[in-house]
Amino acid sequence: MTNNTLTLSQAHKIYTGDGMGLHALKLGIGGILMYSATISAFFIVMLMSQGSVSEARNELSGTGFINTFLAIDAGIILMITGLMHYDRQLPGGKYFRTVKGGFDTYRKMKNASLIARVTALIAILIFGAFSHLLGVFKLSYGISDIIYIGAFLLLSIGEVNFMNYIKNPALRGFLTPFIIFATGLPGVILPNVFDGNIYIGLAVAAVAVPFILISQKAMLSDYKKNKWNQ
Amino acid sequence: MNNAIEINGITKKYKDFMLGEVHASVPCGFATALIGANGAGKTTLIDILCGVTGKTSGEAVYFGNMTDIDNDNLRNRIGYCSSANFFPLEWTLKKVADSVELGFDNFNRQRFSELCKRFKLGDPAEKKQKKLVQLSDGNKMRAYLASVLARDTELLVLDEPASSLDPLARDMLCDLFREYLSERDGERSILFSTHNIADMEYATDYAVFMANGKVIEQGFVEDLKEKYILVHGDAENADKARPFMISCSGGRTSFEGIALAENAGMLSTFDTAVETPTLQQLSVGILRKAEEDDQ
(Lines give C-alpha, C1' and ligand atoms only; values in the text may rest on other atoms or scores of the structure.)
Protein backbone atom coordinates (compact mmCIF):
# COMPACT_ATOMS: atom_id res chain seq x y z
CA MET A 1 0.00 0.00 0.00
CA THR A 2 1.24 3.46 -0.78
CA ASN A 3 -0.04 6.72 0.53
CA ASN A 4 1.42 8.99 -2.09
CA THR A 5 0.71 12.61 -1.28
CA LEU A 6 3.25 14.01 -3.72
CA THR A 7 2.01 16.65 -6.13
CA LEU A 8 2.70 16.38 -9.87
CA SER A 9 5.37 19.05 -9.54
CA GLN A 10 7.07 17.28 -6.61
CA ALA A 11 7.07 13.98 -8.50
CA HIS A 12 8.65 15.78 -11.45
CA LYS A 13 11.29 17.29 -9.18
CA ILE A 14 12.20 13.87 -7.79
CA TYR A 15 12.88 12.60 -11.31
CA THR A 16 14.44 15.65 -12.94
CA GLY A 17 15.55 17.95 -10.14
CA ASP A 18 13.19 20.66 -11.44
CA GLY A 19 9.56 21.30 -10.53
CA MET A 20 6.90 21.22 -13.26
CA GLY A 21 6.64 25.03 -13.52
CA LEU A 22 10.37 25.57 -13.81
CA HIS A 23 10.60 22.76 -16.36
CA ALA A 24 7.82 24.30 -18.46
CA LEU A 25 9.54 27.68 -18.22
CA LYS A 26 12.88 26.24 -19.32
CA LEU A 27 11.24 24.39 -22.21
CA GLY A 28 9.27 27.44 -23.28
CA ILE A 29 12.29 29.74 -23.17
CA GLY A 30 14.41 27.12 -24.92
CA GLY A 31 11.83 26.79 -27.68
CA ILE A 32 11.45 30.55 -28.08
CA LEU A 33 15.21 31.03 -28.23
CA MET A 34 15.54 28.25 -30.78
CA TYR A 35 12.74 29.73 -32.91
CA SER A 36 14.27 33.21 -32.63
CA ALA A 37 17.71 31.90 -33.53
CA THR A 38 16.36 30.05 -36.58
CA ILE A 39 14.46 33.10 -37.85
CA SER A 40 17.42 35.38 -37.16
CA ALA A 41 19.79 33.12 -39.07
CA PHE A 42 17.51 33.02 -42.12
CA PHE A 43 16.80 36.73 -41.79
CA ILE A 44 20.54 37.47 -41.97
CA VAL A 45 20.84 35.28 -45.07
CA MET A 46 17.88 37.11 -46.67
CA LEU A 47 19.31 40.46 -45.64
CA MET A 48 22.56 39.69 -47.39
CA SER A 49 20.76 38.59 -50.55
CA GLN A 50 18.05 41.30 -50.60
CA GLY A 51 20.08 44.22 -49.31
CA SER A 52 17.40 45.88 -47.16
CA VAL A 53 15.66 44.98 -43.87
CA SER A 54 12.11 45.47 -45.16
CA GLU A 55 12.69 43.39 -48.27
CA ALA A 56 14.34 40.64 -46.30
CA ARG A 57 11.42 40.63 -43.85
CA ASN A 58 8.86 40.54 -46.64
CA GLU A 59 10.72 37.70 -48.33
CA LEU A 60 10.69 35.65 -45.13
CA SER A 61 7.13 36.47 -44.15
CA GLY A 62 5.48 35.81 -47.45
CA THR A 63 6.86 32.35 -48.16
CA GLY A 64 5.64 30.16 -45.30
CA PHE A 65 9.15 29.93 -43.86
CA ILE A 66 7.98 31.39 -40.56
CA ASN A 67 5.18 28.79 -40.23
CA THR A 68 7.61 25.99 -41.01
CA PHE A 69 10.20 27.19 -38.50
CA LEU A 70 7.55 27.55 -35.83
CA ALA A 71 6.32 23.99 -36.39
CA ILE A 72 9.83 22.51 -36.58
CA ASP A 73 11.25 24.27 -33.51
CA ALA A 74 8.22 23.57 -31.34
CA GLY A 75 8.26 19.98 -32.65
CA ILE A 76 11.92 19.56 -31.68
CA ILE A 77 11.17 20.67 -28.12
CA LEU A 78 8.28 18.20 -27.90
CA MET A 79 10.42 15.43 -29.36
CA ILE A 80 13.37 15.88 -27.00
CA THR A 81 11.21 15.92 -23.90
CA GLY A 82 8.86 13.22 -25.14
CA LEU A 83 11.75 10.82 -25.61
CA MET A 84 13.14 11.16 -22.08
CA HIS A 85 13.32 7.74 -20.43
CA TYR A 86 13.94 6.58 -16.90
CA ASP A 87 14.50 2.87 -17.39
CA ARG A 88 16.16 0.80 -14.71
CA GLN A 89 19.46 0.49 -16.56
CA LEU A 90 19.77 4.24 -17.18
CA PRO A 91 21.43 6.64 -14.70
CA GLY A 92 19.02 7.24 -11.82
CA GLY A 93 16.73 4.41 -12.95
CA LYS A 94 17.27 2.25 -9.90
CA TYR A 95 16.95 5.18 -7.50
CA PHE A 96 13.63 6.27 -9.03
CA ARG A 97 12.19 2.80 -8.39
CA THR A 98 12.82 3.10 -4.66
CA VAL A 99 11.30 6.52 -3.95
CA LYS A 100 7.99 6.78 -2.15
CA GLY A 101 4.91 6.18 -4.23
CA GLY A 102 6.79 3.88 -6.59
CA PHE A 103 5.02 3.68 -9.93
CA ASP A 104 2.41 6.21 -8.84
CA THR A 105 5.22 8.79 -8.53
CA TYR A 106 6.44 7.82 -12.00
CA ARG A 107 2.91 8.30 -13.37
CA LYS A 108 2.66 11.72 -11.75
CA MET A 109 6.05 12.71 -13.14
CA LYS A 110 5.00 11.70 -16.66
CA ASN A 111 1.76 13.65 -16.33
CA ALA A 112 3.68 16.67 -15.06
CA SER A 113 6.07 16.35 -17.99
CA LEU A 114 3.10 16.25 -20.38
CA ILE A 115 1.61 19.41 -18.86
CA ALA A 116 5.02 21.12 -19.05
CA ARG A 117 5.34 20.18 -22.74
CA VAL A 118 1.89 21.46 -23.62
CA THR A 119 2.56 24.66 -21.66
CA ALA A 120 5.88 25.14 -23.47
CA LEU A 121 4.16 24.54 -26.83
CA ILE A 122 1.55 27.17 -26.00
CA ALA A 123 4.30 29.61 -24.92
CA ILE A 124 6.18 29.14 -28.19
CA LEU A 125 2.97 29.57 -30.21
CA ILE A 126 2.06 32.73 -28.27
CA PHE A 127 5.51 34.10 -29.06
CA GLY A 128 4.90 33.31 -32.73
CA ALA A 129 1.51 35.02 -32.53
CA PHE A 130 2.97 38.14 -30.92
CA SER A 131 5.70 38.23 -33.50
CA HIS A 132 2.97 38.21 -36.18
CA LEU A 133 0.68 40.71 -34.45
CA LEU A 134 3.55 43.14 -33.86
CA GLY A 135 4.49 42.81 -37.49
CA VAL A 136 8.01 41.53 -36.82
CA PHE A 137 7.56 38.42 -38.93
CA LYS A 138 4.23 37.76 -40.56
CA LEU A 139 2.59 34.34 -40.74
CA SER A 140 0.75 33.55 -43.97
CA TYR A 141 -2.71 33.25 -42.36
CA GLY A 142 -1.93 34.84 -38.98
CA ILE A 143 -3.57 33.32 -35.91
CA SER A 144 -5.13 30.64 -38.09
CA ASP A 145 -1.61 29.31 -38.76
CA ILE A 146 -0.92 29.27 -35.02
CA ILE A 147 -4.09 27.24 -34.37
CA TYR A 148 -3.28 24.70 -37.10
CA ILE A 149 0.36 24.27 -36.05
CA GLY A 150 -0.64 23.95 -32.39
CA ALA A 151 -3.42 21.46 -33.14
CA PHE A 152 -1.24 19.13 -35.19
CA LEU A 153 1.68 19.34 -32.75
CA LEU A 154 -0.75 18.38 -30.00
CA LEU A 155 -1.57 15.30 -32.07
CA SER A 156 2.14 14.56 -32.30
CA ILE A 157 2.41 14.52 -28.47
CA GLY A 158 -0.04 11.64 -28.42
CA GLU A 159 1.84 9.93 -31.22
CA VAL A 160 5.14 10.20 -29.33
CA ASN A 161 3.40 8.47 -26.42
CA PHE A 162 2.47 5.61 -28.72
CA MET A 163 6.05 5.51 -30.02
CA ASN A 164 6.97 4.10 -26.62
CA TYR A 165 5.43 0.82 -27.77
CA ILE A 166 8.53 0.47 -29.96
CA LYS A 167 10.88 -1.29 -27.57
CA ASN A 168 14.07 -0.78 -29.56
CA PRO A 169 15.40 2.61 -28.39
CA ALA A 170 17.45 3.21 -31.54
CA LEU A 171 14.47 2.56 -33.83
CA ARG A 172 12.23 4.68 -31.61
CA GLY A 173 14.71 7.55 -31.63
CA PHE A 174 15.09 7.29 -35.40
CA LEU A 175 11.37 7.23 -36.18
CA THR A 176 10.16 9.86 -33.71
CA PRO A 177 11.39 12.97 -35.59
CA PHE A 178 9.77 11.69 -38.80
CA ILE A 179 6.49 11.10 -37.00
CA ILE A 180 6.53 14.55 -35.38
CA PHE A 181 7.40 16.40 -38.57
CA ALA A 182 4.99 14.33 -40.67
CA THR A 183 2.26 15.28 -38.20
CA GLY A 184 3.34 18.91 -37.94
CA LEU A 185 3.50 19.37 -41.71
CA PRO A 186 -0.30 19.45 -42.24
CA GLY A 187 -0.34 22.24 -39.65
CA VAL A 188 1.79 24.29 -42.04
CA ILE A 189 0.04 23.27 -45.28
CA LEU A 190 -3.66 23.06 -44.36
CA PRO A 191 -4.27 26.77 -43.66
CA ASN A 192 -3.43 27.32 -47.35
CA VAL A 193 -5.76 24.51 -48.40
CA PHE A 194 -8.64 25.79 -46.27
CA ASP A 195 -7.84 29.42 -46.95
CA GLY A 196 -7.17 30.18 -43.29
CA ASN A 197 -10.49 28.73 -42.07
CA ILE A 198 -9.83 27.97 -38.39
CA TYR A 199 -12.63 25.43 -37.83
CA ILE A 200 -10.70 22.46 -39.17
CA GLY A 201 -7.75 23.43 -36.95
CA LEU A 202 -10.00 23.74 -33.93
CA ALA A 203 -11.57 20.36 -34.71
CA VAL A 204 -8.13 18.74 -34.87
CA ALA A 205 -7.22 20.37 -31.54
CA ALA A 206 -10.46 19.06 -30.03
CA VAL A 207 -9.61 15.54 -31.21
CA ALA A 208 -5.99 15.88 -30.04
CA VAL A 209 -6.92 16.44 -26.38
CA PRO A 210 -8.64 13.06 -25.78
CA PHE A 211 -6.06 11.44 -28.07
CA ILE A 212 -3.26 12.67 -25.78
CA LEU A 213 -5.09 11.50 -22.66
CA ILE A 214 -5.74 8.05 -24.12
CA SER A 215 -2.15 7.71 -25.38
CA GLN A 216 -0.77 8.81 -22.01
CA LYS A 217 -2.84 6.22 -20.20
CA ALA A 218 -1.90 3.50 -22.68
CA MET A 219 1.79 4.41 -22.51
CA LEU A 220 1.82 4.30 -18.70
CA SER A 221 -0.05 1.02 -18.61
CA ASP A 222 2.36 -0.53 -21.11
CA TYR A 223 5.39 0.79 -19.21
CA LYS A 224 4.14 -0.60 -15.92
CA LYS A 225 3.46 -4.01 -17.41
CA ASN A 226 6.55 -4.41 -19.56
CA LYS A 227 9.23 -2.35 -17.83
CA TRP A 228 8.41 -1.34 -14.28
CA ASN A 229 7.29 -4.73 -13.00
CA GLN A 230 9.94 -6.74 -14.84
CA MET B 1 17.36 -13.81 16.70
CA ASN B 2 15.41 -11.21 14.72
CA ASN B 3 16.12 -10.83 11.04
CA ALA B 4 16.04 -7.57 9.15
CA ILE B 5 15.26 -9.63 6.05
CA GLU B 6 14.22 -13.25 5.77
CA ILE B 7 14.50 -14.43 2.17
CA ASN B 8 12.21 -17.37 1.46
CA GLY B 9 12.73 -19.06 -1.90
CA ILE B 10 13.11 -16.01 -4.10
CA THR B 11 13.62 -16.79 -7.78
CA LYS B 12 14.06 -14.68 -10.88
CA LYS B 13 14.13 -16.11 -14.38
CA TYR B 14 15.99 -14.41 -17.20
CA LYS B 15 16.62 -15.77 -20.68
CA ASP B 16 20.21 -16.67 -19.81
CA PHE B 17 20.26 -16.69 -16.01
CA MET B 18 18.23 -18.10 -13.16
CA LEU B 19 18.43 -16.72 -9.66
CA GLY B 20 17.50 -19.03 -6.83
CA GLU B 21 15.73 -20.40 -5.10
CA VAL B 22 17.41 -18.15 -2.60
CA HIS B 23 16.94 -18.84 1.09
CA ALA B 24 18.94 -16.53 3.32
CA SER B 25 18.78 -14.24 6.33
CA VAL B 26 20.05 -10.77 7.07
CA PRO B 27 20.31 -10.68 10.87
CA CYS B 28 19.19 -7.57 12.67
CA GLY B 29 21.90 -5.45 14.26
CA PHE B 30 24.78 -6.66 12.08
CA ALA B 31 26.58 -6.01 8.80
CA THR B 32 25.96 -8.79 6.31
CA ALA B 33 28.20 -9.25 3.29
CA LEU B 34 26.77 -10.82 0.15
CA ILE B 35 29.84 -12.44 -1.33
CA GLY B 36 30.17 -13.97 -4.77
CA ALA B 37 31.97 -13.84 -8.07
CA ASN B 38 30.82 -11.57 -10.90
CA GLY B 39 27.54 -12.91 -12.27
CA ALA B 40 26.67 -14.84 -9.11
CA GLY B 41 23.35 -13.02 -8.76
CA LYS B 42 24.23 -10.57 -5.96
CA THR B 43 22.95 -7.47 -7.75
CA THR B 44 19.79 -9.23 -8.95
CA LEU B 45 19.00 -10.35 -5.40
CA ILE B 46 19.64 -6.87 -3.98
CA ASP B 47 17.52 -5.28 -6.70
CA ILE B 48 14.66 -7.64 -5.89
CA LEU B 49 14.96 -6.98 -2.16
CA CYS B 50 14.80 -3.22 -2.76
CA GLY B 51 11.92 -3.29 -5.24
CA VAL B 52 14.05 -2.29 -8.20
CA THR B 53 13.42 -5.56 -10.03
CA GLY B 54 10.40 -7.84 -9.86
CA LYS B 55 10.77 -11.44 -8.73
CA THR B 56 9.41 -14.56 -10.37
CA SER B 57 8.50 -16.31 -7.11
CA GLY B 58 9.27 -16.44 -3.42
CA GLU B 59 8.97 -13.89 -0.68
CA ALA B 60 11.08 -11.58 1.44
CA VAL B 61 9.95 -10.70 4.95
CA TYR B 62 11.34 -7.42 6.25
CA PHE B 63 11.60 -6.53 9.93
CA GLY B 64 9.62 -9.58 10.96
CA ASN B 65 6.27 -8.82 9.37
CA MET B 66 6.49 -6.64 6.25
CA THR B 67 6.40 -8.25 2.82
CA ASP B 68 5.25 -5.54 0.41
CA ILE B 69 8.26 -3.60 -0.82
CA ASP B 70 5.86 -1.14 -2.50
CA ASN B 71 4.74 -0.02 0.95
CA ASP B 72 6.06 3.48 1.59
CA ASN B 73 6.63 2.74 5.29
CA LEU B 74 9.00 -0.02 4.26
CA ARG B 75 10.66 2.07 1.55
CA ASN B 76 11.42 4.72 4.13
CA ARG B 77 13.08 2.20 6.44
CA ILE B 78 15.47 0.94 3.75
CA GLY B 79 18.41 2.94 2.42
CA TYR B 80 19.38 1.47 -0.93
CA CYS B 81 22.25 2.45 -3.18
CA SER B 82 23.39 0.80 -6.42
CA SER B 83 26.98 0.46 -7.53
CA ALA B 84 26.98 2.86 -10.48
CA ASN B 85 24.96 5.78 -11.83
CA PHE B 86 22.58 5.77 -8.89
CA PHE B 87 21.54 9.33 -9.78
CA PRO B 88 21.38 11.07 -13.17
CA LEU B 89 24.89 12.19 -13.99
CA GLU B 90 23.96 15.80 -14.81
CA TRP B 91 22.74 16.34 -11.25
CA THR B 92 24.65 18.36 -8.66
CA LEU B 93 24.70 17.57 -4.93
CA LYS B 94 21.96 20.18 -4.47
CA LYS B 95 19.71 18.42 -6.96
CA VAL B 96 20.43 15.11 -5.25
CA ALA B 97 19.36 16.63 -1.92
CA ASP B 98 16.25 18.22 -3.47
CA SER B 99 15.19 14.93 -4.99
CA VAL B 100 15.91 12.64 -2.02
CA GLU B 101 14.21 15.10 0.36
CA LEU B 102 10.99 14.73 -1.62
CA GLY B 103 11.46 11.03 -2.39
CA PHE B 104 11.69 9.93 1.24
CA ASP B 105 10.21 11.13 4.53
CA ASN B 106 13.39 10.82 6.58
CA PHE B 107 16.07 12.79 4.74
CA ASN B 108 18.09 15.22 6.85
CA ARG B 109 19.59 17.98 4.68
CA GLN B 110 21.89 19.12 7.48
CA ARG B 111 23.26 15.61 7.87
CA PHE B 112 23.71 15.34 4.10
CA SER B 113 25.69 18.56 4.14
CA GLU B 114 27.89 17.29 6.98
CA LEU B 115 28.51 13.99 5.22
CA CYS B 116 29.40 15.75 1.96
CA LYS B 117 31.94 17.88 3.80
CA ARG B 118 33.30 14.82 5.60
CA PHE B 119 33.67 13.03 2.25
CA LYS B 120 35.39 16.14 0.84
CA LEU B 121 32.68 16.60 -1.78
CA GLY B 122 32.05 20.25 -0.92
CA ASP B 123 29.01 22.04 0.38
CA PRO B 124 25.74 21.04 -1.34
CA ALA B 125 24.33 24.47 -0.52
CA GLU B 126 27.00 26.29 -2.52
CA LYS B 127 25.85 27.98 -5.71
CA LYS B 128 28.57 26.76 -8.00
CA GLN B 129 28.75 23.01 -7.93
CA LYS B 130 30.21 20.20 -9.97
CA LYS B 131 27.86 17.79 -11.70
CA LEU B 132 28.14 14.14 -10.73
CA VAL B 133 29.53 13.35 -14.18
CA GLN B 134 32.53 15.54 -13.35
CA LEU B 135 33.35 13.57 -10.20
CA SER B 136 35.64 10.55 -10.05
CA ASP B 137 33.99 7.14 -9.62
CA GLY B 138 35.05 7.12 -5.98
CA ASN B 139 33.54 10.54 -5.31
CA LYS B 140 30.35 9.57 -7.11
CA MET B 141 30.02 6.62 -4.75
CA ARG B 142 30.73 8.93 -1.79
CA ALA B 143 27.90 11.20 -2.97
CA TYR B 144 25.54 8.22 -3.26
CA LEU B 145 26.52 7.03 0.22
CA ALA B 146 26.04 10.51 1.68
CA SER B 147 22.50 10.64 0.27
CA VAL B 148 21.65 7.26 1.79
CA LEU B 149 23.33 7.84 5.15
CA ALA B 150 21.60 11.22 5.49
CA ARG B 151 18.31 9.36 5.87
CA ASP B 152 17.15 7.91 9.17
CA THR B 153 16.84 4.29 8.01
CA GLU B 154 16.95 0.93 9.75
CA LEU B 155 18.51 -1.10 6.97
CA LEU B 156 21.20 -0.14 4.48
CA VAL B 157 21.34 -2.19 1.30
CA LEU B 158 24.41 -1.30 -0.71
CA ASP B 159 25.45 -2.92 -3.96
CA GLU B 160 29.24 -3.04 -4.30
CA PRO B 161 29.81 0.10 -2.22
CA ALA B 162 33.56 -0.49 -1.99
CA SER B 163 34.35 -1.39 -5.59
CA SER B 164 35.19 2.14 -6.73
CA LEU B 165 36.71 3.38 -3.48
CA ASP B 166 40.43 3.70 -2.76
CA PRO B 167 41.84 1.79 0.27
CA LEU B 168 41.55 4.79 2.56
CA ALA B 169 37.94 5.39 1.56
CA ARG B 170 37.17 1.68 2.07
CA ASP B 171 38.53 1.99 5.58
CA MET B 172 36.28 4.99 6.12
CA LEU B 173 33.34 3.00 4.76
CA CYS B 174 34.00 0.31 7.39
CA ASP B 175 34.01 3.02 10.07
CA LEU B 176 30.75 4.41 8.69
CA PHE B 177 29.19 0.94 8.89
CA ARG B 178 30.24 0.68 12.54
CA GLU B 179 28.91 4.18 13.25
CA TYR B 180 25.61 3.42 11.52
CA LEU B 181 25.12 0.19 13.47
CA SER B 182 26.18 1.61 16.84
CA GLU B 183 23.99 4.74 16.60
CA ARG B 184 21.01 2.52 17.34
CA ASP B 185 22.59 -0.61 18.68
CA GLY B 186 20.76 -3.75 17.61
CA GLU B 187 18.07 -1.94 15.63
CA ARG B 188 19.96 -1.19 12.45
CA SER B 189 21.36 -3.61 9.90
CA ILE B 190 23.46 -3.50 6.76
CA LEU B 191 23.46 -5.71 3.70
CA PHE B 192 26.20 -5.05 1.18
CA SER B 193 27.53 -7.00 -1.75
CA THR B 194 31.15 -7.42 -2.68
CA HIS B 195 33.40 -9.66 -4.69
CA ASN B 196 36.48 -8.40 -2.90
CA ILE B 197 35.99 -9.01 0.78
CA ALA B 198 39.58 -8.32 1.89
CA ASP B 199 39.04 -4.61 2.52
CA MET B 200 35.62 -5.05 4.07
CA GLU B 201 36.42 -7.96 6.40
CA TYR B 202 36.67 -5.69 9.41
CA ALA B 203 33.10 -4.51 8.81
CA THR B 204 31.52 -7.90 8.18
CA ASP B 205 29.63 -9.78 10.88
CA TYR B 206 27.59 -12.19 8.79
CA ALA B 207 28.37 -13.58 5.37
CA VAL B 208 26.14 -14.98 2.64
CA PHE B 209 28.04 -16.70 -0.18
CA MET B 210 26.44 -16.88 -3.62
CA ALA B 211 27.43 -18.79 -6.73
CA ASN B 212 25.47 -19.40 -9.92
CA GLY B 213 22.35 -17.72 -8.57
CA LYS B 214 22.19 -19.74 -5.38
CA VAL B 215 23.23 -19.29 -1.77
CA ILE B 216 25.91 -21.89 -1.06
CA GLU B 217 26.86 -20.97 2.49
CA GLN B 218 25.92 -18.44 5.13
CA GLY B 219 26.58 -17.73 8.76
CA PHE B 220 28.22 -15.44 11.26
CA VAL B 221 31.84 -14.91 10.36
CA GLU B 222 33.00 -16.14 13.77
CA ASP B 223 30.96 -19.33 13.36
CA LEU B 224 32.25 -19.88 9.83
CA LYS B 225 35.81 -19.48 11.09
CA GLU B 226 35.09 -22.27 13.55
CA LYS B 227 33.38 -24.41 10.94
CA TYR B 228 36.23 -24.17 8.43
CA ILE B 229 40.01 -24.31 8.73
CA LEU B 230 42.83 -23.11 6.53
CA VAL B 231 45.24 -25.92 5.74
CA HIS B 232 48.87 -25.60 4.53
CA GLY B 233 51.23 -28.38 3.68
CA ASP B 234 54.07 -29.59 1.51
CA ALA B 235 53.20 -30.40 -2.08
CA GLU B 236 54.10 -34.07 -1.61
CA ASN B 237 51.13 -34.44 0.79
CA ALA B 238 48.64 -32.53 -1.35
CA ASP B 239 47.11 -35.58 -3.03
CA LYS B 240 46.57 -37.31 0.31
CA ALA B 241 45.01 -34.22 1.90
CA ARG B 242 42.85 -33.18 -1.05
CA PRO B 243 39.95 -35.67 -0.44
CA PHE B 244 39.46 -34.16 3.02
CA MET B 245 39.47 -30.58 1.80
CA ILE B 246 36.76 -28.42 0.27
CA SER B 247 39.10 -26.65 -2.08
CA CYS B 248 42.82 -26.82 -2.58
CA SER B 249 45.40 -25.02 -4.66
CA GLY B 250 49.13 -25.24 -4.74
CA GLY B 251 52.41 -25.12 -6.56
CA ARG B 252 55.54 -27.24 -6.72
CA THR B 253 56.47 -26.82 -3.08
CA SER B 254 53.30 -26.31 -1.10
CA PHE B 255 49.51 -26.36 -1.10
CA GLU B 256 46.83 -24.38 0.69
CA GLY B 257 43.12 -24.71 0.97
CA ILE B 258 39.98 -24.77 3.05
CA ALA B 259 38.62 -27.79 4.88
CA LEU B 260 35.88 -28.48 7.38
CA ALA B 261 37.20 -28.16 10.93
CA GLU B 262 35.90 -31.65 11.68
CA ASN B 263 38.61 -32.99 9.31
CA ALA B 264 41.42 -31.22 11.17
CA GLY B 265 42.50 -34.40 12.97
CA MET B 266 42.73 -36.41 9.77
CA LEU B 267 44.57 -33.63 7.93
CA SER B 268 47.12 -33.28 10.72
CA THR B 269 48.30 -36.84 9.99
CA PHE B 270 49.51 -35.56 6.58
CA ASP B 271 51.97 -33.18 8.22
CA THR B 272 49.82 -30.14 7.56
CA ALA B 273 49.52 -26.86 9.45
CA VAL B 274 46.06 -25.69 10.38
CA GLU B 275 45.03 -22.07 10.91
CA THR B 276 41.90 -20.03 11.33
CA PRO B 277 41.07 -18.66 7.89
CA THR B 278 40.40 -15.02 7.16
CA LEU B 279 37.07 -14.23 5.55
CA GLN B 280 38.95 -13.58 2.31
CA GLN B 281 40.54 -17.05 2.42
CA LEU B 282 37.22 -18.57 3.34
CA SER B 283 35.54 -16.82 0.42
CA VAL B 284 38.12 -18.02 -2.08
CA GLY B 285 37.85 -21.60 -0.81
CA ILE B 286 34.05 -21.74 -0.77
CA LEU B 287 33.59 -19.98 -4.12
CA ARG B 288 36.29 -22.11 -5.76
CA LYS B 289 34.48 -25.24 -4.58
CA ALA B 290 31.24 -23.93 -6.09
CA GLU B 291 32.99 -23.20 -9.36
CA GLU B 292 34.52 -26.68 -9.48
CA ASP B 293 31.15 -28.29 -8.73
CA ASP B 294 29.57 -26.31 -11.55
CA GLN B 295 32.08 -27.53 -14.14
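The values are calculated or read from the model by the stated rules, or taken from the named source; none is laboratory data. All values derive from a computational prediction rather than experimental measurement. Note that each Cβ is placed from the backbone with ideal geometry, even for glycine, and that neighbours are counted across all protein chains shown.
Residue-level analysis places B:Ser182 outside the set of residues that are part of a loop (DSSP other than H, G, I, E, B), in the same structural domain as B:Leu19 (by TED's automatic domain parsing) and among the hydroxyl-bearing types (Ser, Thr, Tyr). State whether the residues of the stretch A:180-190 include one that is more than 14 Å from the chain's Cα centre (by Cα), among the aromatic types (Phe, Trp, Tyr) and either assigned to a helix (DSSP H, G or I) or buried (at least 21 other Cβ atoms within 10 Å of the Cβ) (or both). No: zero hits. Any residue at all in the stretch B:250-259 that is surrounded by fewer than 20 Cβ atoms within 10 Å (Cβ to Cβ) and in a helix (DSSP H, G or I)? So far as the stretch B:250-259 goes, no, none of its residues is surrounded by fewer than 20 Cβ atoms within 10 Å (Cβ to Cβ) and in a helix (DSSP H, G or I). A:Gly135 meets the conditions (1) modelled with pLDDT under 95; (2) part of a helix (DSSP H, G or I) in every case but one. The failed one is (2). Residues that are modelled with pLDDT under 95 and of a type outside the set (Val, Ile, Thr) were ranked within the stretch A:1-12; the one that is surrounded by the fewest Cβ atoms within 10 Å (Cβ to Cβ) is A:Met1. You will find that of B:Asn85, B:Asn38, B:Asn65, the residue that is at pLDDT below 95, more than 8 Å from every other protein chain (Cβ to nearest Cβ) and either farther than 19 Å from B:Ala4 by Cβ or in contact with a Pro (Cβ under 7 Å, 6 or more places away or on another chain) (or both) is B:Asn38 and no other. Among the residues making up the stretch B:32-53, those that are of a type outside the set (Val, Ile, Thr) and part of a strand (DSSP E or B) are B:Ala33, B:Leu34, B:Gly36.
Evaluate the stretch A:216-230: report whether one residue or more is in a helix (DSSP H, G or I), touching a Gly at 6+ places or on another chain (Cβ under 7 Å), surrounded by 19 or more Cβ atoms within 10 Å (Cβ to Cβ) and not acidic (Asp, Glu).
The answer is no; no qualifying residue exists.
When the criteria are applied in full, B:Ala203 meets the requirement of being in contact with a Cys (Cβ under 7 Å, 6 or more places away or on another chain) and either touching a residue at least 12 places away in the same chain (Cβ under 8 Å) or over 30 Å from B:Gly138 (Cα atoms) (or both).
Restricting attention to the stretch A:37-90, the residues that are closer than 30 Å to B:Thr53 by Cβ and over 24 Å from the mean Cα position of the chain (by Cα) total 2. Scanning the stretch B:69-82 for residues that are more than 7 Å from every other protein chain (Cβ to nearest Cβ) and out of contact with any Phe, Trp or Tyr (no Cβ under 8 Å at 6 or more places or on another chain) returns B:Asn73, B:Gly79. Taking the residues in the stretch B:88-103 that are among the hydrophobic types (A, V, I, L, M, F, W, C) and within 7 Å of another protein chain (Cβ to nearest Cβ) as candidates, determine which candidate is nearest to A:Asp104 (Cα to Cα). Top of the filtered list is B:Leu102. Scanning the stretch B:113-149 for residues that are closer than 21 Å to A:Phe96 by Cα, assigned to a helix (DSSP H, G or I) and over 23 Å from the mean Cα position of the chain (by Cα) yields a total of 2.
Pull up the stretch A:193-223, narrow it to residues that are of a type in the set (Gly, Ala, Ser) and in contact with a Leu (Cβ under 8 Å, 6 or more places away or on another chain), then point me to the one that is nearest to A:Asn111 (Cα to Cα).
A:Ala208
Taken together, B:Gly122, B:Gly58, B:Gly41, B:Gly54 contain a single residue that is under 18 Å from A:Lys94 (Cα atoms), surrounded by fewer than 21 Cβ atoms within 10 Å (Cβ to Cβ) and in the same structural domain as B:Glu183 (by TED's automatic domain parsing), which is B:Gly54.
Determine whether the stretch A:108-120 contains at least one residue that is away from chain B (no Cβ under 14 Å), closer than 30 Å to A:Ser61 by Cα and surrounded by fewer than 22 Cβ atoms within 10 Å (Cβ to Cβ). Within the stretch A:108-120, one or more residues are away from chain B (no Cβ under 14 Å), closer than 30 Å to A:Ser61 by Cα and surrounded by fewer than 22 Cβ atoms within 10 Å (Cβ to Cβ). Just one of the listed residues (A:Tyr165, A:Tyr199) is in a loop (DSSP other than H, G, I, E, B), at negative phi and among the hydroxyl-bearing types (Ser, Thr, Tyr), and it is A:Tyr165. A residue that is of a type in the set (Gly, Ala, Ser) and within 14 Å of chain B (Cβ to nearest Cβ) cannot be found anywhere in the stretch A:61-80.
Hey, could you check the stretch B:135-149 for residues that are out of contact with any strand residue (DSSP E or B) (no Cβ under 8 Å at 6 or more places or on another chain) and polar (S, T, N, Q) and say which is farthest from B:Arg170 (Cα to Cα)? Selected residue: B:Ser136. When B:Leu230 is tested against (1) within 26 Å of B:Arg142 (Cα to Cα); (2) out of contact with any Cys (no Cβ under 8 Å at 6 or more places or on another chain), only condition (1) is not met.
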